[in-house]
Amino acid sequence: MPPYKKRMARPKTAGPSQGDTIALIARAGFANPFSEEFAIMCRQIAGREITNEAELRAMMRETVDRVVGGLESSGQAHLAAHQGERRAELRMVFLFQAYQQFHGALDQLVLDQVALGDAPAPVPFAREVLALLARRGFEEEEARRCFAIFFQIRRAHHFIGHGLLGRSPCMGEFRRHLWQNVFTHDIRSYERRLWDRMEDFSTLLFGETGTGKGAAAAAIGRSSFIPFDERKQVFVESFTRNFVALNLSQYPETLIESELFGHRKGAFTGAVESHQGVFARGSTHGAIFLDEIGDVSMPVQIKLLQVLEDRWYSPVGSHERARFSGRVIAATHRPLAELRQRGVFRDDFYYRLCSDTITVPPLRQRLREEPGELAELVGHLLHRMTGEVAEHGTSGRGEPGEAAAELAAPVTEALRQSPGHDYAWPGNVRELEQAVRRVLITRRYEGDRPHPTPDPCRELIRAMESGTLDADRLLSGYCALLYDRCGNLEAVARQTNLDRRTVKKYVHQRRGH
C-alpha cells in the first residue's frame, strides 16, 4: 500500500497533516485524469465527495493555494529550501499550483490556436508563468519545458477528453489509454526524461471501420510536446499543422512510395514536377498517421521498416537523403495476427510499429455499456451539422447549440425505434452520422441489414451436383477459393500445380476482371 494511503487512514477528527496533503497533491497533480486513482485522490484532497468537475477543481486549487501560502509565510516556498523526497514532492506541488492558476488561459490558447490556424498564436501570459516558476526556484530551461508540458496537457484534455465523447466504461478506458500513450504511465518520468524522446514510440490502432481511428490518431498527434520560444513568446509550431494523415488504401501500388517518400521531377512517367511525401510534410513535434497499414505490400513494408529503423529516406528518383523526426501512428481494421500468419504482413515490421497497441471500441459495445451515449453522440453530430459555434461550459466540453438541442431528442427517439436498441451498427460512428442525416430527411432509418453473401464453395458444389460445371469454371472457382484463403498467387500455384500466370488468369476470370 502506498505510504499516503496509510497516513490517510488516520481518524477523521485528526485530519491529514500538511505532509500528508503535500504527498497527496504531488501524486494527484499530474496523474492520468481518466483513471480511477485520480478521481479517488481528487476527492481525498477536497476532503469530501464531489462529482461536479468545476467544483472539484476549485476545491483542489483552494487546498493547493493554502499549502503553498503556508510555505510562503514561513519562507519555504522555494525549491532551494528543501532536499530529498520533500523537495521532489514540493516541486510537483509548485508545478500543480502554477498549472491550475493558468488553467483557463491555456484552454483559451488552445481555442485561439485552432481559430488562427498554422501560424503560432501569441502567448501573452507566458512571462507571468515563467516568472512564477522562477520564484519557486526553477531554472530557466526547466521552467520553459514545464510550461510547454502545461500546454501539452491542456491540448490533450481538449482532444482526448472533449474531442472523443462517450460515458461508457470502454470509452473511459480508451481515453485513459490515449492519455498514457502521450505521457506514458508516469508523467513525472516523462517530464524529466522522455518529453523529447517519443519519436521512437510508434503506435498501432486497431478497430472496425468507422470507429474513429483517425480521430484517435489526431488526438495523439496534436497532443505532442511543442517547445516554447521565449524570445518570440510563442510555441515554435502550431499544433494544427503537426499531424499529417495518409490513407494507404486510396493509392495504387505504383503511387504509394511517392505519397510516402515524395518524388523528384522526371522520376517516372507523369512526374512533371517534384512532390513532397508524407514523411517530408510531417513535423518534428508531431506525428504522421498511416491508415490501413494492413493493405500495403511487402516491398513497401520493407521500405517503411527501414525508415522506422534509421529515420532516413530518399524521395523516388533521388539519391538525396532526408530525415524524419516525428512519431508514426498506424491503423488497420484488418486482423494483423491472421495476416502475419499467412505471411503477408512482416513480423519485423509489426514489432517496429507496436510500441503501443490501442483498440478503438465499436459503437455497439459503447451503447451496450451505456445506452445514454446514443443521445450524446446524436447531439454532437447535430451540433456539427448545424454549424453552430461551440459554447464551452465549465467542463470545457462543447455544449449543443439551440438548433442542435431542438433536433436531438426527436432524432434520438427515432433511432431508438428503428433500427432499435439491438442493432449492431456495423458502420459504427460513421454509419450513425449518416443515420442522423437520413432521419432528418425521411424521419426513419432502417439500418444496414446486409443481404447474405453467397458461399462460393457451396456454389461450386451445387454446380457440380447439377452437372452444369465445366472444367474452366471449376478451375477458376477453385483458384479463387484458394486465393481468398492464401492471399497470394504463388501459394495457389504451388497447391494446384499450375503456373502463376495461369492462376492469375483464373482468379481474374472468376472476379470478372
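Worth pointing out:
- Helix axis angle, 126-135 relative to the chain longest principal axis, alpha carbon, degrees: 50
- Annotation: per residue accessible area for the chain equals 51 Å², rounded to a whole number [probe 1.4 Å, protein chains only].
- Local net charge near Pro362, Cβ-Cβ under 10 Å (Lys/Arg +1, Asp/Glu -1): +2
- For the set Lys232/Lys303; Lys303/Lys504; Lys265/Lys303, the pairs lying more than 31 angstrom apart at their alpha carbons are Lys232/Lys303.
- Within the assembled protein chains, the solvent-accessible surface assigned to Leu205 is about 0 Å², based on a 1.4 Å probe.
- Placing dummy labels 7 Å off each Cα toward the beta-carbon, the span from Asn247 to Asp347 is 3.3 nm.
- Seen against the Cα atoms of the chain and their longest principal axis, helix 428-442 is set at about 80 degrees.
- Percent RCO, i.e. relative contact order, over the range 219-300, from Cα pairs under 8 Å lying at least 6 residues apart: 36
- Of the chymotrypsin sites (Phe, Trp or Tyr not before Pro) found in the range 250-282, those in coil by DSSP whose Cβ has at most 16 other Cβ atoms within 10 Å are Phe268.
- Hz values of 3J(HN,Hα) by residue in the range 52-59 - Karplus curve (6.51, -1.76, 1.60), Gly and Pro given as x: 6, 4, 5, 5, 5, 5, 5, 5
- Sequence-distant residues sharing a close amide H with Arg327 (under 5 Å, placed H): Gly286, Ala287, Ile288
- The range 166-265 - percent of accessible surface contributed by carbon and sulfur, probe 1.4 Å: 48
- Förster radius 51 Å - calculated FRET efficiency between His319 and Glu140 (Cβ-Cβ, nearest 0.05): 0.75
- Cβ-defined net charge surrounding Ile293, 12 Å radius [Lys, Arg +1; Asp, Glu -1]: +1
- A simple count of charges around Gly137, restricted to other residues whose Cβ falls under 12 Å of its Cβ and scoring Lys, Arg +1 and Asp, Glu -1, yields +1.
- Relative contact order, percent, the chain [alpha-carbon distance under 8 Å, six or more residues apart]: 13
- Among (i) 23, 57, 19, 1; (ii) 21, 56, 23, 1; (iii) 18, 45, 29, 7, 1, the entry that matches P(r) over Cα pairs in 20 Å bins from 0, in percent as calculated here: (iii)
- Summarising the amide proton neighbourhood of Val316: residues at separation of 5 or more, or on other chains, whose placed amide H is nearer than 5 Å comprise Gly262, His263, Arg264.
The values are calculated or read from the model by the stated rules, or taken from the named source; none is laboratory data. This one's a predicted model, so the numbers in the text were calculated from it and none came from an experiment. Positions of Cβ are backbone-derived with ideal geometry, glycine not excepted, and every protein chain shown enters the neighbour counts. Quick note on the areas: whole protein, heavy atoms, side chains included, nothing else; ligands and nucleic acids left out. Shrake-Rupley method; radii C 1.70, N 1.55, O 1.52, S 1.80 Å.
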